[in-house]
Amino acid sequence: KLTVDTNTLHADETNNRVGVGTASPSQRLHVEGAGNQFIVINNSSTNDGMYLKAGSGASSIQTNAGSNVLNFFTSGTERMEIDSNGHIRKFSQPSFRAGTTTGYATGANPTTVVCSNVQHNVGNGYNSSNGTFTVPSPGTWLFGVHGNARDVGSSQASSVYAQIMKNGSRMAIYYNSDEPNSSWHQIQGVIILECATNDAITFSSGPYTYWDSSMWTQFYGYLLG
């Protein structure tokens, strides 16, 4: 064991630990003392650096001059950034948005609307072949639909509806009966859901409904946290 200046620097050879301010380090590097404690890492060429702080009621990670940007990496890839204004960018936050390609018509039963025109699909959770979004991460999610639809049944009814389904169960229904028979109906709605990994989320339509193409009909979702 090596002790310098009493307990200011203590090397525990038996457990391969170093203590600063403690003679009994519990980890490879253990810094302890009264009041706020800081560990600083700094690039002397650019003055980009950071502090690890254990403070009274407020432990934190802080930047030290330079760009004042905190970057968070996993597996060698940047996943999140907090800039000098406090703006947070989450580069890998799962989300998707997709629309119908050439319009979509349902049959006699409520049917999943397959939005095959994918605008973005971060995390690859959305399947453009069957219209199902498979939740990649548990948490609180926002899902929504908006669409331009009309009844194409024999009655040409003055109402259409859309549903958001989770594992085959209805979570929300959005209904429009304000337009005359045979007219186009505007439908939109969002819902916040608690989801588990591999939950299946779909946009379902009522029977005998035609959903307009391209930007007119959209299904989307985003992981809130």
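Per residue, region 29-73 exposes an accessible area of 67 Å² to a 1.4 Å probe, with every protein chain left in place.
Computed about its Cα centre, the charge dipole of the chain is approximately 200 debye, with only Lys, Arg, Asp and Glu carrying charge at their Cβ.
Think of a 1.4 Å ball rolled over the protein heavy atoms: region 89-180 then has 46 Å² of accessible area per residue. Expressed as a whole percent, the accessible area of the chain that falls on carbon and sulfur atoms is 49 (1.4 Å probe). Modelled spin-label separation between Ser92 and Asn71, with each label point placed 7 Å from Cα along the Cα-to-Cβ direction: 1.5 nm. At q = 0.09, 0.12 Å⁻¹, what is the log10 ratio I(q)/I(0) for the chain, with the Debye formula run over Cα points and no solvent? Relative scattering, expressed as log10 I(q)/I(0), comes to -0.59, -0.76.
Summary of packing: across the peptides 217-223, 135-141, the per-residue average of other C-beta atoms within 10 Å ranks them, highest first, as 217-223, 135-141. Which residues among region 197-225 fall inside the zone where the amide N is under 14 Å from a point 7 Å beyond the Cα of His120, along Cα→Cβ? Residues 220-224 qualify, since their backbone N sits under 14 Å from the label point. Working from label points 7 Å from Cα in the Cα-to-Cβ sense, the Ser128 to Tyr175 distance is 3.5 nm. Against the empirical curve 2.2 N^0.38 Å, the C-alpha radius of gyration of region 123-225 lands at a ratio of 1.12. Need the C-alpha centroid separation for region 81-96 versus region 171-225, integer Å. The distance from the Cα centre of region 81-96 to that of region 171-225 comes to 27 Å.
The values are calculated or read from the model by the stated rules, or taken from the named source; none is laboratory data. None of the values given here were measured: they were computed from a predicted structure. Backbone-built Cβ (ideal geometry, glycine too); neighbour counts: all protein chains shown. Ligands, DNA and RNA are stripped out before the accessible areas are found, and what is left, the full protein with its side chains, is counted by its heavy atoms. Shrake-Rupley method; radii C 1.70, N 1.55, O 1.52, S 1.80 Å.
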